[in-house]
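J.: Handing you this structure, nothing more for now.
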Amino acid sequence: MSLLLDTHVVLWWLGRDPELSEEARNTIASDPQVFVSAATAWEMAIKQNSGKLRAPADLEDQLARHGFAHLPITLAHALMAGSLPRHHNDPFDRMLVAQAAIEGLTVVTRDSRIPRYGVATLPA
């Protein structure tokens with residue numbers, strides 16, 4: 001299984017937050033392919049700039065240290081995200097759904113709306 005981490009999961013993982021379930025933590029630690037979307041970094045940067053979030057200043061380095069791969073946003077991802085039904089209004093989460101669907105990834109999330117899109121999920 002290849003994983004795509006939702007933004008809150010990335011933050012919990014990097015902060016070693018006990019909020020992350022043991023199952024999710026163990027799966028992330030043992031999975032050889034864990035992806036973090038460019039949309040997640042974009043969301044973090046926007047929220048950090050607005051004062052709504054404290055995120056690591058060295059995010060790229062921390063992701064590399066944990067062996068997480070970057071998942072760029074492609075034209076196909078953007079087109080699908082824009083055409084998804086409105087189960088979710090958050091454009092960042094809609095992008096993650098599109099990326100998971102196109103790339104065959106399992107989204108690690110606590111967001112109860114994401115499974116409504118029919119993508120594989122792992123509860124965080």
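Derivation of every value follows stated rules applied to the coordinates shown; laboratory data play no part. The structure displayed is predicted, hence computed values, not measured ones. Here the Cβ positions follow ideal geometry from the backbone for every residue, glycine too, while neighbour counts run over all protein chains shown.
J.: Among I114, I28, I102, which one shows the biggest mean-square fluctuation in a GNM of the chain, springs joining Cα atoms closer than 10 Å?
T.: Ranking I114, I28, I102 by mean-square fluctuation puts I102 first.
J.: May I pose another question? In terms of modelled amide H atoms, which long-range or inter-chain residues lie less than 5 Å from the amide H of T109?
T.: Residues meeting the amide H criterion: L122, A124.
J.: Subtract the Cα-Cα distance of A45 and H87 from 0.36 nm times their separation in residues, and report this length gain in nm to one decimal.
T.: Extra length from A45 to H87 when fully extended: 12.7 nm.
J.: A further question on this structure: Sorted by packing (mean other beta-carbon atoms within 10 Å per residue), highest first, where do 37-43, 6-12 land?
T.: Ranked by mean Cβ neighbours within 10 Å, highest first: 6-12, 37-43.
J.: Starting from a Cα-only point model with no solvent, please compute log10 I(q)/I(0) by Debye for segment 3-123 at q = 0.11, 0.21 1/Å.
T.: Results for segment 3-123 at q = 0.11, 0.21 Å⁻¹ read -0.33, -1.29.
J.: Using 0.36 nm times the number of residues separating L53 and H66, minus their current alpha carbon distance, what extension gain do you get?
T.: The L53-H66 span can extend by a further 2.6 nm.
J.: For a quick check: with amide H placed at 1.01 Å from N, whose amide H comes under 5 Å from S2's, ignoring anything fewer than 5 positions away on the same chain?
T.: T106
J.: Starting from the Cα of A76, step 7 Å toward the Cβ, then list every residue of segment 21-53 with an amide N under 20 Å from that point.
T.: Zone members listed by number: 33-40.
J.: What is the magnitude of the charge dipole of the chain about its Cα centre, with +1 placed on the Cβ of each Lys and Arg, -1 on the Cβ of each Asp and Glu, and no other charges, expressed in debye to the nearest 20?
T.: Roughly 320 debye, rounded to the nearest 20.
J.: Only helices at least 15 Å long along their axis, Cα-based, and averaging -0.5 or more on Kyte-Doolittle count here, so list those DSSP H runs from the chain.
T.: 38-49, 91-103
J.: Sticking with this structure for a sec: Once you keep just the Cα pairs under 8 angstrom separated by 6 or more residues, what percentage relative contact order results for the chain?
T.: Relative contact order here is 32 percent.
J.: Moving to a separate point now. For the chain, build the charge dipole from Cβ charges (+1 Lys, Arg; -1 Asp, Glu) around the Cα centre, then report which of A76, G104, V10 sits farthest towards its positive end.
T.: A76
J.: So, in nm, how far is label N26 from label S2 when the simple model puts each one 7 Å beyond its Cα toward the Cβ?
T.: 2.5
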